[in-house]
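The values are calculated or read from the model by the stated rules, or taken from the named source; none is laboratory data. Quantities reported herein were computed from a predicted structural model and do not represent experimental measurements. Cβ atoms come from the backbone with ideal geometry, glycine included; neighbour counts cover every protein chain shown.
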Amino acid sequence: MGKKQPFGVFGSKNELVKNIPNILLNKVLLPDSQNVLLKDGKIIRRKMREKDFLDGSDDKVQTPDGNPIIHYHKFIKRSTGTQYVLAFTKAHIYHWNPPNFDLKWTNHNITAITIAFNDNGASADTITDSGAGFVTAGFVAGDKITVSGSTSNDGDYTIDTVVAGTITLIATDSLTTEIAGDTVTIVANCDNWETKSYNDMVIATNGIDFVIAWDTTGSFAALDTATGIEYDTGKFLTKCKHLTTYENYLILGYTYEDSKWYPQRMRWNAIGDEVTWIPTGIVAGAGSTEVGKADFIIGFGMYRGYLIVFKETSHFKYWLVGSTYTFNGAFISMTVGCKCNGSIVNDNKGRLYWYASDGTIKEMSIGTISQPIQTEIIDKIYQSSVDLIKSKFIDETEETWWSIPFENTLNNKIVTLKEDEQGNRIWGQVDLAIPAFGEYREV
């Protein structure tokens, strides 16, 4: 076939036809139609969204750490009615307080003048601290880190092993030998943030630090205690990869407890109490359960009053029961899971969509729905970057959006889904590079 060309529909007097019967509009608007949408019986040009925060002079404002924003959270404080917008990067959380970004959190880090860098030739390069502060600061094997403040070694690296005074980098990372003396900062980077509003505060997790909370005063701090969430006497949950809220419970998934990962575990607090996590055997109390078998928890969704727990190759539903068990559950599928928690999204009618483990987009009540765009778009999602997929339902246009890495390591295309007046699913696409969705209106 030849190269596809955009076209218009013209009448006998060479004017643009606007009275195409509505029943035919879904035939004119094809899955590869770009920058247009079907609304109120018309095909109209899509209103593009602002990609930047602007100050009072309409100048762009960059996050202070210079990193892209990978997550947003809009929070309205019930007690005051005040709106807050939080911007999350791989290393920091900022409150957008026009025209500034106010720092509210930094991932585990160290700043010292005792840090040196060593090019070890054929052996792995190392970062050393004569103050032996690396373990105390929270660094662990596998951490992705950013170095700043050095003379020759500012940049991103990955930790292979760490002890109190030495970080050994992975073999492909390279350093230039540099003695201590500069004020060097090393900060850990995360790939993902998940947030929820709960009990008039913001709860956040990044999978590498404590579950943290912010009530709009001061900065984010560890939830429950300064050493983590105490789920048993003297035992603490210090990390989790996923979180959600359900029936006035805060739900944590894929948890790190007592220095060990539990990829199938789901843990919850006592109802309505974000600082009570020790089970007491009472109705509506705190507790935990293992979801399914070997595959890992990927994320959470909501459907028809059920909490949906997505795993790598399966998914389950849970519901509240009036007993000391708190929740009961059952599997929905033991063969279909989810590739990315960021793909899980509800539309305005409560339908639940996700990017499934078989590489399709599914809707809970129907199954696979991505057939019209499967070969041309969905099959070309870059698989090593699926964790970057983000999704959101757009109220103004009544569309579901997915930002995807299309034949690219970074998100560079929007896939849109809309239902027309006859109930037909209309797919579209927009060439936009969006690492995160957010909403904000100045008041």
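General remarks:
- Pairs linking a residue in region 396-409 that is more than 10 Å from VAL386 (Cα to Cα) to a residue that is aromatic (Phe, Trp, Tyr) and assigned to a strand (DSSP E or B), with Cβ atoms under 6 Å and 6 or more positions apart or on different chains, are THR400/PHE393.
Residue-by-condition table, conditions (1) touching a residue at least 12 places away in the same chain (Cβ under 8 Å); (2) in a strand (DSSP E or B):
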residue	(1), (2)
GLN62	no, no
PRO68	yes, no
ALA87	yes, yes
TRP96	yes, yes
LYS104	yes, yes
ALA116	yes, yes
ALA122	no, no
ILE127	yes, yes
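- Evaluation of ILE115 against (1) within 21 Å of ASP154 (Cα to Cα); (2) surrounded by fewer than 19 Cβ atoms within 10 Å (Cβ to Cβ) (one fails), failing number: (2)
- The condition of being surrounded by 17 or more Cβ atoms within 10 Å (Cβ to Cβ), closer than 30 Å to ALA122 by Cβ, of a type outside the set (Ser, Thr, Tyr) and under 20 Å from the mean Cα position of the chain (by Cα) holds for only one of VAL187, VAL147, VAL162, VAL202, that being VAL187.
- Test: residue in region 308-323 that is under 25 Å from ASP431 (Cα atoms), surrounded by fewer than 17 Cβ atoms within 10 Å (Cβ to Cβ) and over 23 Å from the mean Cα position of the chain (by Cα): no
- Residues (among the polar types (S, T, N, Q) and buried (at least 22 other Cβ atoms within 10 Å of the Cβ)) located in region 331-356: ASN341, SER343
- Qualifying position, being in contact with a Cys (Cβ under 7 Å, 6 or more places away or on another chain) and among the hydrophobic types (A, V, I, L, M, F, W, C), among LEU243, LEU252, LEU237, LEU223: LEU252
- Search result, residues across region 371-387 that are among the hydroxyl-bearing types (Ser, Thr, Tyr) and under 24 Å from the mean Cα position of the chain (by Cα): TYR382, SER384, SER385
- Residues that are exposed (fewer than 15 other Cβ atoms within 10 Å of the Cβ) and assigned to a loop (DSSP other than H, G, I, E, B) within region 129-140 comprise SER130, ALA132, VAL140, listed in sequence order.
- Per-region count, region 143-168, residues among the charged types (D, E, K, R) and more than 15 Å from ASN67 (Cβ to Cβ): 2
- Checking each residue in region 270-314 for being assigned to a strand (DSSP E or B), among the hydroxyl-bearing types (Ser, Thr, Tyr) and more than 20 Å from VAL211 (Cβ to Cβ) picks out TYR303, TYR306.
- Strands (runs of 3 or more DSSP E) fully within region 332-443 counting 3 or more residues that are modelled with pLDDT under 95 and over 27 Å from HIS95 (Cβ atoms): 425-430
- Check on SER370, surrounded by 18 or more Cβ atoms within 10 Å (Cβ to Cβ) and touching a helix residue (DSSP H, G or I) at 6+ places or on another chain (Cβ under 8 Å): yes
- Within the set GLY181, GLY218, the sole residue that is closer than 14 Å to THR106 by Cα and not in a strand (DSSP E or B) turns out to be GLY218.
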